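Quick notes on the structure that follows.
The values are calculated or read from the model by the stated rules, or taken from the named source; none is laboratory data. Note that the structure is predicted; figures quoted are calculated from it, not measured. Ideal geometry is used to build each Cβ from the backbone, glycine not excepted, and the neighbour counts take in all protein chains shown.
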Amino acid sequence: MLGYTITQWLFGILSFLAIMFGLLVVFSRNPVNSVLYLVMTFFCIAGHYLLMNAQFLAIVHIVVYAGAIMVLFLFIIMLMNLNEDTEPQKTWITKIIAAVAGGLMLFVLVGSLKGSEQLALNVHGSTQIGLVKNLGVVLFKDFLFPFEIASILLLAALVGAILIGKKEVK
Amino acid sequence: MKGFLVISLLGVIAMLAEVFKFKRILMPVIVLGILAAYALNYMEWTHPFSIPYFDNMISFDKIALAFTGVILITAFFWFILAHSSYEKDPHMVDHYALVLFAITGAIMLTAFTNMTTLFIGIEIMSIPLYVLAASKKENIQSNEAGFKYLIMGSFASAFLLFGIALIYGATGSFDLKEIHTYISTNAGNIPSFFYAGVVMMLIAMCFKISAAPFHFWAPDVYQGAPTIITALMSTVVKTAAFAAFMRLFMISFAGVSDVWSHILVVAVALSLVISNLTAAVQSNVKRVLAYSSISHAAFMLMVILANVRSNLSVNAILFYSLAYSIGSITAFGVLNSVTKYGKESFDEFNGLGKRNPLLAVCMTIAMLSLAGIPITAGFFAKYFVFTAMMTTSYKWLLILAVLTSAVGVYYYFKVIIAMYFKPAENHEAVKVEIASTLVIVITALLTVAIGLVPGYVAEMFTF
């Protein structure tokens, strides 16, 4: 089709959708809509993972982010009754400064990618790395230390959440 | 490495103290544990070589061990100082566990040799601090501090991750040494998004050490957090963040210093001017100390600039961390005792020279050291920075640093003047627990001692 392979078509469509939904997250006024658009963005990114032959990552991405974390977001937004009316509006000057800063950032990032299409594509490692079996080997062999020490991180987050959540005993 | 394991184990033990009902002996256990970690750390220090652990994920070389030593010494003093504040707190156990986890992350940051370890280390150090900053739950300022720190910190982490991803995209490796090799073998052929990654990591690290223009969170967080937590943030966390900064930019990115050193020069100049000028007009002592910590960050950044240019040893930055940490422990210890009942303005120090002469003398020493007046550790810390800077082409930065330090003397002396020359409103003596007094006196004595024999300490840090 038009000289592109099916993978390239899929990549293009998924990227377009991901960026569109990403923009909608920012531009929609209603927080609930924002969260729903974010879920859609996550699905598109999971599609990208599938294209890169990383099925495990794709499923985890959907289960954890789109499933668990976004549901948590929705609950909190609904419990705190955030909606269009209660959302504070920023002043024009803040909006302009934010737009300029964000635009410059985009400019730098796009500019830094210039010329990289000429780079020889060097594939690091095997293309099968995203499969569960290979991922497990990498995780428990090369990256054993970060993997194990992440337990301290989770423990700290857990203790912290309890400390914040506990009732003050008088 | 053994010291690191001991500290992380201590965190887990502290967490269990509530359940297994050994809350009352927890404090001695922690202090002994830190001493044991320090001893193990020292034993590794005497070995002539360092072994990378876990497939080159973390490596305790001499620099890492020295920074770990500084962190452990400060942590030791901090726990004794903090115990008087937390003794009666029903959440004492949780606080101590979180602090120990934060120190675990801090030690990781001194020794990482891989980007993944760097990221996890930063998160392990930061997440407990977000919670601890907000731990005075009924205080709205503390809540604000915690929330602000969380949001801004997550933003910086996002920058860090984006930077790591771009660098991985260019080099195909997370390993610091391999990135270094990549830079030297591919000189002139490096894709430009690699530089974008370096700059993004620079932004994230500048945020963590609160250098201007990424410093906006620091005054609010330092002021809002409980004083004793602020003491932790400006000593242990600062030292660890600097160790990480130095490791990252001097091992990995030294080859592309042309790209980031210009940005760093601007950051240093801005930090020096903004922090000192703003601190001079503040009325809250904690806020002043926050701005002063930004200015000290600028001094330590100057060492990184100098080292890249001239390959001087890292002892200047280690000496600075040690002098600044010890001085800060004294200052925050006194501040914590004086401002126990609320306000944190300079007026709280009025007449302290009469209300508690010992405390006033110690505070004077700490302020002199932070201002960089001779025969204190702070003077020689600044002296070593200046000698390192003399070898570079940034001599104008040196002049700026001297000028802004002169402004700094003004706000440090405001405390001393209040203590000795202003009449007190209430004449009752300021009571301090014996343990806290001991820590304050010992750290003040250490400040003077390091100032008397600076050569000895500097030699210890020469590799």
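Going by the structure shown, is B:Met201 buried (at least 24 other Cβ atoms within 10 Å of the Cβ), closer than 24 Å to B:Tyr320 by Cβ, within 14 Å of chain A (Cβ to nearest Cβ) and modelled with pLDDT of 90 or more?
yes
Just to be sure before I move on: is A:Leu24 free of Cβ contacts under 8 Å to residues at least 24 places away in the same chain, surrounded by 14 or more Cβ atoms within 10 Å (Cβ to Cβ) and hydrophobic (A, V, I, L, M, F, W, C) in the structure I sent?
yes
Exactly one of these conditions fails for B:Asn56: (1) in contact with a Ser or Thr (Cβ under 8 Å, 6 or more places away or on another chain); (2) not in a loop (DSSP other than H, G, I, E, B). Give me its number.
(2)
One residue is enough: does region B:75-98 have a residue meeting the conditions under 30 Å from B:Val338 (Cα atoms), buried (at least 21 other Cβ atoms within 10 Å of the Cβ), within 14 Å of chain A (Cβ to nearest Cβ) and within 18 Å of the chain's Cα centre (by Cα)?
Within region B:75-98, one or more residues are under 30 Å from B:Val338 (Cα atoms), buried (at least 21 other Cβ atoms within 10 Å of the Cβ), within 14 Å of chain A (Cβ to nearest Cβ) and within 18 Å of the chain's Cα centre (by Cα).
Which one of the conditions (1) over 30 Å from B:Glu433 (Cα atoms); (2) within 9 Å of chain A (Cβ to nearest Cβ); (3) at pLDDT below 90 does B:Ile190 fail to meet, given that it meets all the rest?
Failed condition: (2).
Restricting attention to helices (runs of 4 or more DSSP H) lying wholly within region A:32-118, give those where 1 or more residues are not assigned by TED's automatic domain parsing to the domain that holds A:Phe16.
A:92-113
Counting only residues that are among the hydrophobic types (A, V, I, L, M, F, W, C) and assigned to a loop (DSSP other than H, G, I, E, B), how many does region B:408-441 have?
Residues flagged as among the hydrophobic types (A, V, I, L, M, F, W, C) and assigned to a loop (DSSP other than H, G, I, E, B) within region B:408-441 amount to 4.
Out of B:Ala64, B:Ala17, report the one residue that is more than 14 Å from chain A (Cβ to nearest Cβ) and buried (at least 18 other Cβ atoms within 10 Å of the Cβ).
B:Ala64
State yes or no: is B:Thr104 in a helix (DSSP H, G or I), closer than 17 Å to B:Val29 by Cα and touching a residue at least 40 places away in the same chain (Cβ under 8 Å)?
So B:Thr104 fits the description; yes.
Is it true that some residue in region B:153-172 is at pLDDT below 90 and away from chain A (no Cβ under 12 Å)?
Checking region B:153-172: not a single residue is at pLDDT below 90 and away from chain A (no Cβ under 12 Å).
For region A:159-170, how many residues meet the condition of being within 15 Å of B:Glu123 (Cβ to Cβ) and facing another protein chain (nearest Cβ under 7 Å)?
Of the residues in region A:159-170, 2 are within 15 Å of B:Glu123 (Cβ to Cβ) and facing another protein chain (nearest Cβ under 7 Å).
For region A:137-158, state whether one or more residues are β-branched (Val, Ile, Thr), part of a loop (DSSP other than H, G, I, E, B) and more than 7 Å from every other protein chain (Cβ to nearest Cβ).
The answer is no, given that none of the residues of region A:137-158 is β-branched (Val, Ile, Thr), part of a loop (DSSP other than H, G, I, E, B) and more than 7 Å from every other protein chain (Cβ to nearest Cβ).
Just checking, does region B:341-364 include any residue being in contact with a Lys or Arg (Cβ under 8 Å, 6 or more places away or on another chain), surrounded by 24 or more Cβ atoms within 10 Å (Cβ to Cβ) and of a type in the set (Gly, Ala, Ser)?
No; the residues of region B:341-364 include none that is in contact with a Lys or Arg (Cβ under 8 Å, 6 or more places away or on another chain), surrounded by 24 or more Cβ atoms within 10 Å (Cβ to Cβ) and of a type in the set (Gly, Ala, Ser).
Only one residue in B:Ala212, B:Ala279, B:Ala196 is over 14 Å from the mean Cα position of the chain (by Cα), within 14 Å of another protein chain (Cβ to nearest Cβ) and among the hydrophobic types (A, V, I, L, M, F, W, C), so which one is that?
B:Ala196
From B:Ser293, B:Ser345, B:Ser337, grab the single residue that is under 21 Å from B:Ile442 (Cα atoms) and either among the polar types (S, T, N, Q) or under 21 Å from the mean Cα position of the chain (by Cα) (or both).
Selected residue: B:Ser337, the only one of B:Ser293, B:Ser345, B:Ser337 that is under 21 Å from B:Ile442 (Cα atoms) and either among the polar types (S, T, N, Q) or under 21 Å from the mean Cα position of the chain (by Cα) (or both).
Restricting region B:11-37 to residues that are among the β-branched types (Val, Ile, Thr) and part of a helix (DSSP H, G or I), which is modelled with the lowest pLDDT?
B:Ile25
What number of residues within region B:108-142 are at the interface with another protein chain (Cβ under 8 Å from one of its Cβ atoms), outside any helix (DSSP H, G or I) and in contact with a helix residue (DSSP H, G or I) (Cβ under 9 Å, 6 or more places away or on another chain)?
Looking only at that region, the number is 4.
Name the one entry in B:Pro213, B:Pro219 that is within 27 Å of B:Gln282 (Cα to Cα) and in a helix (DSSP H, G or I).
Among B:Pro213, B:Pro219, only B:Pro219 is within 27 Å of B:Gln282 (Cα to Cα) and in a helix (DSSP H, G or I).
Kindly list the number of the only condition in (1) within 17 Å of B:Ala225 (Cβ to Cβ); (2) within 12 Å of chain A (Cβ to nearest Cβ); (3) crowded, with 23+ Cβ neighbours inside 10 Å; (4) in contact with a Phe, Trp or Tyr (Cβ under 9 Å, 6 or more places away or on another chain) that fails for B:Ala145.
The single condition B:Ala145 does not satisfy is (2).
For B:Ser8, which of the numbered conditions (1) assigned to a loop (DSSP other than H, G, I, E, B); (2) within 11 Å of chain A (Cβ to nearest Cβ) fails to hold?
So B:Ser8 meets the others, but not (1).
Does at least one position in region B:311-332 carry a residue that is farther than 21 Å from B:Trp78 by Cα, in contact (Cβ under 8 Å) with a residue 60 or more places away in the chain and not hydrophobic (A, V, I, L, M, F, W, C)?
Scanning region B:311-332 turns up at least one residue that is farther than 21 Å from B:Trp78 by Cα, in contact (Cβ under 8 Å) with a residue 60 or more places away in the chain and not hydrophobic (A, V, I, L, M, F, W, C).
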